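**Q** The structure's right below; bear with me while I get my questions together.
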Amino acid sequence: KFWATWCGNCKQLEPALKAAHARHGATVRFVTVAVSVNQSRARVQAWHKANPTHPGVMLFDEKGTVSGAYDVPATSYVVVVDKGGTVVYTGSGGTQDLEAAIRTALK
């Protein structure tokens, strides 16, 4: 998930992300990438400390390298990759069906 501290859709997506992590966290690697648009590493770290809502590994994409590699169009962008490295789902917005995307990746 590509996110930002100021992203409303990201906040809306948090319950689905938490539920997916609770269900699949033992077998699926969750990575959240904080984009660098209008935020600093210190701001992201302080926000995450006060709001530990992102399960799994959290990265800060300071130079936009990861966002560029995935051609991220907006925050709340989710990319699901299967174990073979194939992207099986991309989407954005606060009401994505993460469970269905993860099931597709696990097939």
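The values are calculated or read from the model by the stated rules, or taken from the named source; none is laboratory data. All values derive from a computational prediction rather than experimental measurement. Backbone-built Cβ (ideal geometry, glycine too); neighbour counts: all protein chains shown. Note: areas computed on protein heavy atoms with side chains; ligands, DNA, RNA excluded. Shrake-Rupley method; radii C 1.70, N 1.55, O 1.52, S 1.80 Å.
**Q** Are there helices (runs of 4 or more DSSP H) fully within region 1-73 with at least 3 residues that are in contact with a strand residue (DSSP E or B) (Cβ under 9 Å, 6 or more places away or on another chain) and under 20 Å from ALA101 (Cα atoms)? List them. Before you say what the answer is, go through the steps one by one.
**A** Numbers: elements: 8-24, 41-50, 65-69.
Because the criterion is at least 3 residues that are in contact with a strand residue (DSSP E or B) (Cβ under 9 Å, 6 or more places away or on another chain) and under 20 Å from ALA101 (Cα atoms), the helices (runs of 4 or more DSSP H) in region 1-73 that meet it are 8-24.
**Q** Give the number of residues within region 12-31 that are open to solvent by 90 Å² or more (accessible area, probe 1.4 Å) and not small (Gly, Ala, Ser).
**A** Final tally of qualifying residues: 5.
Results for (1) touching a residue at least 12 places away in the same chain (Cβ under 8 Å); (2) under 17 Å from GLY8 (Cβ atoms); (3) touching a Leu at 6+ places or on another chain (Cβ under 8 Å), shown as yes or no for each residue.
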{"position": "THR32", "(1), (2), (3)": "yes, yes, yes"}
{"position": "SER36", "(1), (2), (3)": "yes, no, no"}
{"position": "TRP47", "(1), (2), (3)": "yes, yes, no"}
{"position": "GLY68", "(1), (2), (3)": "no, no, no"}
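**Q** Determine which member of the set ALA101, ALA34 is open to solvent by less than 20 Å² (accessible area, probe 1.4 Å), in contact with a helix residue (DSSP H, G or I) (Cβ under 9 Å, 6 or more places away or on another chain), of a type in the set (Gly, Ala, Ser) and modelled with pLDDT under 95. Spell out the reasoning first.
**A** Working: ALA101 fails: modelled with pLDDT under 95.
None of the other options fit; the residue is ALA34.
**Q** Could I ask something else about it? How many residues does region 51-71 hold that are surrounded by fewer than 12 Cβ atoms within 10 Å (Cβ to Cβ) and farther than 16 Å from VAL81 by Cβ?
**A** 5
**Q** In addition: Mind listing just one residue for me: the one in region 76-96 that is assigned to a strand (DSSP E or B) and open to solvent by less than 30 Å² (accessible area, probe 1.4 Å) and, of those, farthest from VAL66 (Cα to Cα)? Talk me through it step by step, then tell me what you get.
**A** Narrowing region 76-96 to residues assigned to a strand (DSSP E or B): 77-81, 87-91.
Next, only the ones that are open to solvent by less than 30 Å² (accessible area, probe 1.4 Å) stay: 77-78, 80, 91.
Details: TYR77: 12, VAL78: 13, VAL80: 14, GLY91: 16 Å.
Only one residue tops the list, namely GLY91.
**Q** Give the residues of region 10-30 that are of a type outside the set (A, V, I, L, M) and either touching a Leu at 6+ places or on another chain (Cβ under 7 Å) or closer than 26 Å to LEU106 by Cβ (or both), sorted by residue number. Talk me through it step by step, then tell me what you get.
**A** Filtering region 10-30 down to residues of a type outside the set (A, V, I, L, M) leaves 10-12, 14-15, 18, 21, 23-25, 27, 29-30.
Hits for region 10-30 are CYS10, GLN12, GLU14, PRO15, LYS18, HIS21, ARG23, HIS24, GLY25, THR27, ARG29, PHE30.
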